[in-house]
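Reading through the structure tokens given below for one structure.
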Amino acid sequence: DVKVTQSSRYLVKRTGEKVFLECVQDMDHENMFWYRQDPGLGLRLIYFSYDVKMKEKGDIPEGYSVSREKKERFSLILESASTNQTSMYLCASIQGSAETQYFGPGTRLLVL
Amino acid sequence: QQQVKQSPQSLIVQKGGISIINCAYENTAFDYFPWYQQFPGKGPALLIAIRPDVSEKKEGRFTISFNKSAKQFSLHIMDSQPGDSATYFCAASVTGNQFYFGTGTSLTVIP
């Protein structure tokens, strides 16, 4: 079974802190994604990566950056956390042009 | 700009009833239409998917109906069970590219 793991299930941070969210997949998938999920807004794509060291902006990249140094690991960085970044963050991976996108369990981030 | 519009936002159905969730899209280049199911505390998981060359796909109690000319697709859950209570997301993509998700439907099945 494909497994996508996220480093934390819950995080509480203060405004202005730098926040790292880590995602690891164990199936050698090429493509990885970071979404945020908010009630009434669904899943919105923040950033994605088609390969190591490659990244592409999604629909809402402002205030975020990403890092992909190894194929299995995709990190989301909040350079200076703000209260409007309080959300559920979901990581996903998919093999090339395959159909099934696999999601991690999510990280619920609260920024105070 | 919402690429995929989903309704209703929430749905309450009696056990044994039919749950219907609808989605609409604009981009005619989309060629893959999955539905994801998400339970509380879990990430979404693929439930069923369809490509536009067929009008219907059925897997157990779950059926996708697809209307290419209307640019609409829907999920039907027959004989709904309390265990089906979850949030459902429709999505659309061009194969190999970004997925666009609907806003989600919270389904509650009352025993």
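Summary table below
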read-out	value
Sole exception among (1) open to solvent by 10 Å² or more (accessible area, probe 1.4 Å); (2) touching a Lys or Arg at 6+ places or on another chain (Cβ under 9 Å); (3) in contact (Cβ under 8 Å) with a residue 12 or more places away in the chain; (4) more than 14 Å from every other protein chain (Cβ to nearest Cβ) for B:ARG61, by number	(2)
Cβ pairs under 9 Å, 6+ apart, first in region A:21-40 and of a type in the set (Gly, Ala, Ser), second surrounded by 17 or more Cβ atoms within 10 Å (Cβ to Cβ)	A:GLY40/B:THR103; A:GLY40/B:GLY104
Residue match in region B:87-103 (condition: surrounded by fewer than 16 Cβ atoms within 10 Å (Cβ to Cβ), more than 9 Å from the chain's Cα centre (by Cα), within 21 Å of B:PRO8 (Cβ to Cβ) and among the polar types (S, T, N, Q))	no
Tally, over region A:85-111, of residues that are open to solvent by 50 Å² or more (accessible area, probe 1.4 Å), more than 8 Å from chain B (Cβ to nearest Cβ) and over 16 Å from the mean Cα position of the chain (by Cα)	1
Entirely in region B:16-111, the strands (runs of 3 or more DSSP E) that have 2 or more residues that are of a type in the set (D, E, K, R)	B:56-59
Total residues in region B:4-53, condition open to solvent by 30 Å² or more (accessible area, probe 1.4 Å), touching an Asp or Glu at 6+ places or on another chain (Cβ under 7 Å) and closer than 24 Å to A:VAL4 by Cβ	0
Wholly enclosed strands (runs of 3 or more DSSP E) of region A:1-57 bearing at least 2 residues within 14 Å of chain B (Cβ to nearest Cβ)	A:4-6, A:19-25, A:31-38, A:42-49
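The values are calculated or read from the model by the stated rules, or taken from the named source; none is laboratory data. The model shown is predicted, which means the values in this text are computed figures rather than measured ones. Counting neighbours? That spans all protein chains shown, and the Cβs are built from the backbone with ideal geometry, glycine included. Accessible surface areas use protein heavy atoms only, side chains included; no ligands, DNA or RNA. Shrake-Rupley method; radii C 1.70, N 1.55, O 1.52, S 1.80 Å.
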